[in-house]
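Colleague: Pasting a structure below so you can have a look.
Read-outs throughout are calculated quantities, based only on the coordinates presented, and are distinct from any laboratory measurement. Since the structure is predicted, the reported quantities are computational estimates derived from the model, not experimental observations. Positions of Cβ are backbone-derived with ideal geometry, glycine not excepted, and every protein chain shown enters the neighbour counts.
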Amino acid sequence: MNSKQAILAQLQQTRVPDVALPDLAGTWLTFPQPHERFAEVLEAVGGRALRARSADGLPQLLAELPVFQSARQVWSLVPPVPSRGEDWTRVTDPHALEVLDVCVAPGAFAVAESAAVWIAQDLVPHRAGLFIAQHLVLVVPADQIVHNMHEAYQRIDPREVQFGIFVSGPSKTADIEQSLVIGAHGPRSLTVVFVGADTGPDGRGA
Amino acid sequence: MNPTHIDHAADAESFIANAERTQWHDQALWFVRAKRDRAVWAVPEWEQLRSLGAQIKRHTLAHLAEYLARFETEALRRGIHVHWARDADEHNRIVLEILRQRGVSRVVKSKSMLTEECHLNPFLERHGIEVVDTDLGERIVQLRQEPPSHIVLPAIHIKRQEVGETFHRHLGTDAGATDPGYLAEAARGHLRDKFMAAQAGITGVNFAVAETGGVVVCTNEGNADMGISLPPLHIACLGIEKLIPRWADLAVFTRLLARNATGQPITTYTSHFQGPIPGGELHYVLVDNGRGTLRADDEYRESLCCIRCGACLNTCPVYRRSGGYSYHATIPGPIGSVLNAAQDPKTFYTLPYACSLCGSCADVCPVKIPLDQQLLHLRGKIAAKRYLPLWKRLLMKTTSFVMQRTWLYSLAGRLARWWLPKLPRFLIYNRLNAWGNQREIPQFPRQSFRELYRKRQQHEQ
Ligand code: SF4
Ligand code: SF4
């Protein structure tokens, strides 16, 4: 008997009182202003949410961010935001991304409850870019927002996921005497930009 | 330490010898508990989520063989390699074999209590493989050659001055530096080099989804993700109890875990691995190591529902004031007391007594493990097995004998009230009376409660 058989055999031999698998349908937390809730929570975890009226306005909006102004190596996966520095399309080894100052990546949708953004691998050729860049900008269509984690998981078809991640805020640690330090291993800042309809009249500020 | 068993009280003694430090440790954990409360109270359906979490986990335990088989089938279909290990030894050998076959000698690891339980690091190091723990807290304890003292906050017992000294020695930071920002920055630079040089990444797993064959890893630092998105080889080690049935169940557990652990709405990174990185390999090592046997135990089975949030440690008045090391176990605190004493009562029989039975651990547990009841039950088991020292057994026997006889009990009370205040101090405050170490015995009332009550009743009539 190999180990797998031995482990499973022991589990099968012991009958354990059954409990039904519960139905997850319920009335879960929702928000009258999901974008505002998102921005509030994101700020509390060290990130920042912005609004752009349309994709065309993105380059200008980002150009005003200090992290962008000083960046020499920018990898943008979101047109029309331009990349800077290396020719990132030619990267085959993710180690080459270590020099990245800013990575601009598309988020599929946002979750208001926890200020999380879902990113699927098919939109990001090298997932290392999300973690190794000094600063991360996620661009999410403004109408792609759900209230809570239940709606979030319902939206994703797991059969299509090879790698997918919820990101909520910049990388952080509190391992030294519970003092919060932003920028543990990964990005030192996270900016989420909602793009498109239902933008405020000034086109800015979530 | 007595080699045949651990003595919690004796080990806690060295920890509490420094009163200021004990106070600081206590407060640091209470701070986390308070943050947790705020996050939890902000979710109106919290209790509903707890009930769901508890049900899903218990259901999974009942059908564990089916779900494991399903998990493996789905994982294989997605091109993931699946290995099974009966015990820690086999787990370590499997990991070593995978690394050797691919000529790996430098590995980065993110937090995994399972690999701590299996003592994977020393095993790999003995075989010439460099293993670097990349979680900042874990790196701190690794450099100090200590084990973690908490399952979520590995370095909670270490002060910033000590981190400064450790980093000064190993990473060349300025002598005397204590600023957490500066120290964390130094670690960031040091670990970047390790990430860039690593040929493989090892992670633990928070949840394994039977329906999809994928696993979920939750971190705040991003160390797990960094460690496995650069090299082509990812080994994920998981206990067989990490299974959950459905993808949709993740909603319940991601909502519970971070809030209950540290008071965050969700961990910064919640990564879903459902296949290898393009051009690379993903391996699962599924480990039993006593879990199958624990599952067969009607009394302690539910401890396998644990999602390792650490909340029971943060809230426990004993853990907060005795420190993780006093438990001498990979998993300390209330859940560790149950897991270790249930599996090896002879060695760990003092742990269920390191408890006031206040029930706070069970109150905060997101999957409703009745930890306090299990600890009480364990005491019965330990007493029945006669593991307790003779003096404690005799004391219990005598107490029980007296408590069962009303006349004897009142007589003893009357004698004590009469005699004790007249005794010289050295007879009361000595080595035999641990209670007298830090406190005075209270003033004895002249009359017992029952005497007072009887009088009052007569008076009223
Ligand atoms: S019941 Fe015991 S183990 Fe649980 S929190 Fe209270 S003292 Fe700690
Ligand atoms: S026993 Fe419950 S509270 Fe304790 S770590 Fe496990 S899940 Fe958390």
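Colleague: Please list log₁₀ I(q)/I(0) at q = 0.12, 0.14, 0.24 Å⁻¹ for the stretch B:396-461, using the Debye equation with identical point scatterers on the alpha-carbon positions.
Modeller: Taking Cα atoms of the stretch B:396-461 as identical point scatterers yields -0.44, -0.58, -1.14.
Colleague: Can you pull out the trypsin sites (Lys or Arg not before Pro) in the stretch A:18-87 whose DSSP state is coil and whose Cβ has at most 11 other Cβ atoms within 10 Å? Each step should come with its number before you reach the end.
Modeller: Numbers: sites: A:Arg37, A:Arg48, A:Arg51, A:Arg53, A:Arg72, A:Arg84; in loops: A:Arg53, A:Arg72.
Answer in residue order: A:Arg72.
Colleague: Something else: Using only the alpha carbons of the protein assembly as shown, what is the convex hull's orientation-averaged projected area in square nanometres?
Modeller: Dividing the Cα hull surface by four gives the mean projection, 36.2 nm².
Colleague: While we're looking at this one, here's another question. If the cut-off is 12 Å between C-alpha atoms, which aspartates and glutamates fall inside it for A:Lys172, apart from same-chain ones fewer than 8 positions away?
Modeller: Here the aspartates and glutamates satisfying the reach criterion relative to A:Lys172 are B:Asp135, B:Glu185, B:Glu221.
Colleague: Is the stretch B:43-289 best put as rounded, prolate or oblate by its Cα gyration tensor, with a ≥ b ≥ c the root eigenvalues, rounded for a/c under 1.5, and otherwise prolate when a/b is larger than b/c, oblate when not?
Modeller: Cα axes put the stretch B:43-289 in the oblate bin.
Colleague: Something else: Using the C-alpha atoms of the stretch B:212-298, what convex hull volume per residue, in cubic angstrom, is computed?
Modeller: 122
Colleague: Per residue, how big is the convex hull of the stretch B:1-142 when only Cα atoms are used? Give it in Å³.
Modeller: Cα convex hull per residue, to the nearest whole number: 217 Å³.
Colleague: For the stretch B:267-289 and the stretch A:1-52, what is the separation of their C-alpha centers, rounded to whole Å?
Modeller: Cα centroid to Cα centroid, the span is 17 Å.
Colleague: When the helix-only estimate is applied to the protein assembly as shown (DSSP H runs of n ≥ 4, each -39,500 (n - 2.57), divided by the residue count), what is the mean residue ellipticity at 222 nm, nearest 500 deg cm²/dmol?
Modeller: About -12500 deg cm²/dmol.
Colleague: Across peptide B:214-225, how many C-beta atoms of other chains are within 10 Å of each residue C-beta, on average?
Modeller: Taking the mean over all residues of the peptide, I get 6.
Colleague: Something else: Rounded, prolate or oblate, given the Cα gyration tensor of the stretch B:199-245, with a/c below 1.5 counting as rounded? Don't skip to the answer; put the middle values down first.
Modeller: Values: a/c = 2.27, a/b = 1.77, b/c = 1.28.
In terms of gyration-tensor shape, prolate.
Colleague: Counting alpha carbon pairs within less than 8 Å and at least 6 residues apart, what relative contact order, in whole percent, applies to chain A?
Modeller: Rounded, it is 27 percent for chain A.
Colleague: Provide the net charge surrounding B:Gly213, with neighbours chosen by a C-beta distance below 11 Å and charges set as Lys +1, Arg +1, Asp -1, Glu -1.
Modeller: Result for the local shell: +1.
Colleague: In addition: For chain B, what proportion of DSSP beta bridges, expressed in % and rounded to the nearest 5, is antiparallel? Let's see the in-between values first.
Modeller: Working: 8 of 32 bridges.
Approximately 25 percent, going by the DSSP bridge assignments.
Colleague: So if I place +1 on the C-beta of Lys and Arg and -1 on the C-beta of Asp and Glu, and nothing else carries charge, what would the dipole magnitude of chain B be about its Cα centre? I want it in debye, nearest 20.
Modeller: The calculation lands at about 2200 debye.
Colleague: Moving to a separate point now. Find the percent of Cα-Cα distances in chain A that exceed 20 Å, and round it to a whole number.
Modeller: 63
Colleague: Separate question: Hey, with R₀ at 56 Å, roughly what FRET efficiency would B:Ser410 and B:Arg126 work out to, going by the Cβ-Cβ distance, to 0.05?
Modeller: 0.30
Colleague: Now, a different point. Over what distance in Å are the Cα centres of the stretch A:94-140 and the stretch B:131-148 separated?
Modeller: So the two Cα centres are separated by 28 Å.
Colleague: Sticking with this structure for a sec: Could you give the Stokes-Einstein D for chain B in µm² per second, using the C-alpha Kirkwood radius, 25 °C, 0.890 mPa s?
Modeller: Diffusion coefficient, whole number: 100 µm²/s.
Colleague: Can you put B:Thr166, B:Thr4 in order, fewest other beta carbons within 10 Å first?
Modeller: Placing the least packed residue first, the sequence is B:Thr4, B:Thr166.
Colleague: Which value, in Å³ per residue, describes the convex hull spanned by the Cα atoms of the stretch B:70-170?
Modeller: Details: hull volume 12.1 nm³, N = 101.
Cα-based convex hull of the stretch B:70-170, divided per residue, equals 120 Å³.
Colleague: Only Cα pairs within less than 10 Å get springs; with that Gaussian network setup on chain A, which residue of A:Gln60, A:Gln162, A:Gln144 has the largest fluctuation?
Modeller: Of the options given, A:Gln162 has the highest mean-square fluctuation.
Colleague: Can you tell me the FRET efficiency between B:Arg106 and A:Met1 if r is taken as the Cβ-Cβ distance and R0 is 30 Å, rounded to the nearest 0.05?
Modeller: With R0 = 30 Å, the Cβ-Cβ based efficiency is 0.25.
Colleague: Can you compute 3J(HN,Hα) from phi for each residue in the stretch B:60-75, using the Karplus curve 6.51 cos²θ - 1.76 cosθ + 1.60 with θ = phi - 60°, rounded to whole Hz and x for Gly and Pro?
Modeller: Taking θ as phi minus 60°, the curve returns 4, 4, 5, 10, 4, 4, 4, 5, 5, 4, 4, 4, 5, 4, 5, 5 Hz for the stretch B:60-75.
Colleague: May I ask you to compute the full-extension gain from B:Arg417 to B:Phe31, defined as 0.36 nm times their residue separation minus their alpha-carbon distance, rounded to one decimal in nm?
Modeller: 134.7 nm is the gain from fully extending B:Arg417 to B:Phe31.
Colleague: I want the local charge near A:Arg159. Using Cβ-Cβ distances under 11 Å, sum +1 for each Lys or Arg and -1 for each Asp or Glu among the other residues.
Modeller: Numbers: positive: B:Arg77, B:Arg78; negative: A:Asp157, A:Glu160, B:Glu74, B:Glu211.
For residues surrounding A:Arg159, the net value is -2.
Colleague: What average count of beta carbons from other chains do you get within 10 Å of the Cβ of residues in A:118-128?
Modeller: On the way: counts 2, 1, 1, 6, 0, 0, 0, 1, 4, 7, 8.
Mean partner shielding for this stretch: 3.
Colleague: A further question follows. Which whole-angstrom value gives the distance between the alpha carbon centres of the stretch B:290-309 and the stretch B:362-381?
Modeller: Result: 12 Å between the Cα centres.
Colleague: Further, regarding this structure: Given a Förster radius of 25 Å and the C-beta distance between B:Glu66 and A:Gln154 as r, what FRET efficiency does 1/(1 + (r/R0)^6) yield to the nearest 0.05?
Modeller: It comes out at approximately 0.55.
Colleague: To the nearest whole number, what is the average tally of beta carbon atoms from other chains within 10 Å of the beta carbons of peptide A:1-8?
Modeller: Details: counts 0, 2, 11, 10, 1, 4, 13, 10.
If you average over the peptide's residues, the count of other-chain Cβ atoms is 6.
Colleague: Could you work out the mean projected area of the convex hull around the alpha carbons of the stretch A:37-103, in square nanometres to one decimal?
Modeller: Seen from a random direction, the Cα hull of the stretch A:37-103 projects 5.5 nm² on average.
Colleague: Just to confirm the filter: which trypsin sites (Lys or Arg not before Pro) across the stretch B:59-126 are DSSP coil and have at most 15 other Cβ within 10 angstrom of their Cβ?
Modeller: B:Arg102
Colleague: Another question, if that's okay. Within 10 Å, count the other beta carbons around each residue, average over each peptide in B:52-59, B:33-40, and list them highest first.
Modeller: The packing order, highest mean first, is B:52-59, B:33-40.
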